[in-house]
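What follows is a set of notes on a single structure, which appears directly below.
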Amino acid sequence: MTAGSTTPTIAVLASDVADRIAAGEVVERPASVVKELVENALDAGATAIDLDVREGGRALIRVSDDGHGMDRANAARAIERHATSKIRDAEDLVGVLSFGFRGEALPAIGSVSQLTIETATEDGAGVTVDVAGGTLVGVRPAARRRGTSVSVASLFYNTPARQKFLRGARSEWRAIADTLTTLALVRRDVRFTVSHDGK
């Protein structure tokens with residue numbers, strides 16, 4: 001330090017900044033988003049999972065399943081940090097039999113994208129939850145079949161430094177395809193349908 005300079009002040013990051021940094025633990029690239037969303041679908045008891053990807057996942061990732069879905073209260077709660085359906089106390093951390101903590105990845109993904117969750121516990125009345133950059137935009141009723149669809153648009157739109165490090169659409173798509181192949185081989189009882197740029 002030079003003469004006359006002051007000691008740096010330690011500051012607590014604002015929660016939205018901390019959320020974007022923490023999102024990097026889960027959301028490294030489009031393939032990691034696909035992995036988290038497909039694992040959530042499998043944890044929800046899905047027997048069929050449809051995936052629609054645009055521009056290698058940089059423009060859109062949409063995962064739809066026929067799992068048990070969520071009601072309005074749970075759908076809204078799923079986007080809160082540290083929300084999970086898997087554990088209630090420290091003892092539950094031992095022997096978790098699921099892929100992950102459903103809901104835990106959604107706030108991280110929502111903090112760096114435009115996220116929409118459409119879900120219903122049975123055919124008919126459901127709910128849509130919209131999140132942009134980690135901020136809840138709205139919760140509204142929706143008509144849909146039983147299950148959940150999660151759309152992730154404009155990944156890293158609010159973190160341009162991270163967006164810059166994404167690879168080309170073809171490379172990102174190859175990583176997604178590798179991730180899906182691994183998951184499909186593990187769960188041969190589940191039907192996977194995949195579309196990339198309409199193909």
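Read the figures in this text as sums done on the coordinates, not as results from a lab. Values in this document were obtained by computation on a predicted structure and should not be read as measured data. We place every Cβ from the backbone using ideal geometry, glycine too, and count neighbours over all the protein chains shown.
A few notes on this one:
- Whole-angstrom gap from region 28-55 to region 159-199, using each part's C-alpha centre: 9 Å
- Each peptide in 152-162, 39-49 receives the mean, over its residues, of other Cβ atoms within 10 Å, and ordering these scores from highest gives 39-49, 152-162.
- Segment residue 163-residue 71, length gained on full extension (0.36 nm per residue, minus Cα span): 29.8 nm
- Distance in nm between pseudo-label sites at residue 178 and residue 81 (7 Å out along the Cβ direction from Cα): 3.1 nm
- For a paramagnetic label modelled on residue 123 (point 7 Å from Cα along Cα→Cβ), amide N atoms under 16 Å away belong, within region 136-157, to 143-148.
- Estimated distance in nm for a label pair at residue 194 and residue 170, the labels positioned 7 Å out from Cα along Cα-to-Cβ: 1.7 nm
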